[in-house]
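Novice: Encoded as C-alpha cells, here's the structure I'll be asking about.
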Amino acid sequence: MQLSQYVNTFGQMMLRRQGERVHKVTLNAEFTCPNRDGSKGRGGCTFCNNASFSPTARKPPDIAAQLEAGRRVIRKRTGARKYIAYFQAYTNTYADVTTLSALYEQALAEPDVIGLAVGTRPDCVPDAVLDLLQSYQRRGFDIWLELGLQSSFDRTLERVNRGHGFAEYVTAIQAAHERGLKVCTHLILGLPGETAAHCEITLQRVIALGVAGLKLHPLHVVKGTLLANEWRRGLYQPLQLDEYIDIAADLVAATPPEIVFHRLTATASPNMLLAPDWCGQKWKTLNRLTRELHRRRQRQGDRVLAGSPAFAASESTSNREKHIGKAR
Ligand code: SF4
C-alpha cells in the first residue's frame, strides 16, 4: 500500500513526465521577510521561528555548494539524476530582480537542475519577478511558484499576524496564470480558531481560482515563536494526529486528481519542536494517511462533488487513472 496509489504526488508526477526520479534540493539564499522588517509587517507570523532571522545565525554556503551537498545526499539515497532547485527559506522573491536572477541562474546553470521552485508570500510577487520566472519557463525549465496562503480567512491570517489577506493571493494567482506559471499553494491545517470546515472552504476557494499544486502542513509549535507562548498559556491546542489525518484525507479526496500534492505533512527538528510530538515523525503521518484513504476506499478526486468549484476544475473522473496509481 503506497501513498501514490491514492494521491497524485509530486514524486510520481515527475517520474511519469521525466521517466526518472526528480528531487527537490532545498536552498537557503539568505533572504529575509517583509513581514519582519516592517515593509509589510513586524514580528513575523506567530508560528515562524524568530531565531531563524538572527543576524548571528550561521551563514549558509553559496548556491552551488548547497546544491552539491543536497544532491550528494539525495543521489546516495534515491539514485536521482535530475533536480529542482527549491528556494525555500523565508521569502525568496524579496529582492530586486537583478539580485534574484543572479541567484536563480546560479542554480539553473547546473546541468542536472531542470527547474526551480520558488517559495514566497502572495504579496511579494511583483510583475517583474513573475516575468523573470516566465522567461525561465520559456527557456524550457520546469518552474513552480510556491505561494504561502495558509488560510483563505482574513480573520485567521490577521490572528497569526500574516501581514496579508486573501485578496493578495487572488491578485498573485491571477498574475501568475496570465504568464502560464504553475502555482503550488501552501495551506496549514490546525490554525488558531479554525476547524475542518475552514480548511474545506479554503481548499474550495483555492481550487476555484485554479492551482497546479498543493502543500498541506499541520501547524506545529516551535521554540522562539509567539505561538509557543500561546501554547504554553493554554491558548492554542495543536491538532491530534487522528484529527490531522481525518482533515487531510477529506481534503485529498475533495481535490481534483490532476492537482499535484507536493507535500502532505511537515516536520521540525527535535531541538525546535514543542508540539505536537507526532510532527517529528513524517513517515508515520504519511503511512497513517495512506491507511486512512485505503480504509475509506477513497482516492484523490473521489469526493469532488458535481457542481463544486473542484468539479468544474476537474477534467473527468477517469482522469484519476491518468494521475494516480490504479491499485486499491
Ligand atoms: S511569511 Fe514566512 S518567513 Fe515571513 S514571517 Fe511568515 S512564516 Fe516567517
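Novice: Could you list, in sequence order, all residues of region 75-124 that are in contact with a His (Cβ under 7 Å, 6 or more places away or on another chain) and among the hydroxyl-bearing types (Ser, Thr, Tyr)?
Specialist: Thr78, Tyr83
Novice: Sticking with this structure for a sec: With region 180-262 as the region, which helices (runs of 4 or more DSSP H) entirely inside it contain at least 1 residues that are over 30 Å from Ser135 (Cα atoms), within 17 Å of the chain's Cα centre (by Cα) and at pLDDT 95 or above?
Specialist: By residue number, 196-209, 241-253.
Novice: Whether any residue in region 136-148 is away from the ligand (no atom under 16 Å from the Cβ), surrounded by 22 or more Cβ atoms within 10 Å (Cβ to Cβ) and of a type in the set (Val, Ile, Thr) is what I want to check.
Specialist: Yes; the residues of region 136-148 include at least one that is away from the ligand (no atom under 16 Å from the Cβ), surrounded by 22 or more Cβ atoms within 10 Å (Cβ to Cβ) and of a type in the set (Val, Ile, Thr).
Novice: For region 149-170, what are the residues that are within 13 Å of the ligand (Cβ to nearest atom), closer than 26 Å to Leu116 by Cα and in a helix (DSSP H, G or I)?
Specialist: Hits for region 149-170 are Glu168, Tyr169.
Novice: Quickly run through region 120-135 and pick out the residues that are touching a residue at least 40 places away in the same chain (Cβ under 8 Å), surrounded by fewer than 19 Cβ atoms within 10 Å (Cβ to Cβ) and not in a helix (DSSP H, G or I).
Specialist: none
Novice: If I filter region 135-150 down to residues being in contact with a strand residue (DSSP E or B) (Cβ under 8 Å, 6 or more places away or on another chain) and polar (S, T, N, Q), which single residue comes out as farthest from Gly70 (Cα to Cα)?
Specialist: Out of the qualifying residues, it is Gln150.
Novice: It is to be established whether one or more residues within region 82-101 are closer than 30 Å to Arg297 by Cβ and touching a residue at least 12 places away in the same chain (Cβ under 8 Å).
Specialist: no
The values are calculated or read from the model by the stated rules, or taken from the named source; none is laboratory data. Note that the coordinates shown come from a computational prediction; the quantities given were computed from them, not determined experimentally. Positions of Cβ are generated from backbone atoms using ideal geometry, with glycine treated the same way; all protein chains shown enter the neighbour counts.
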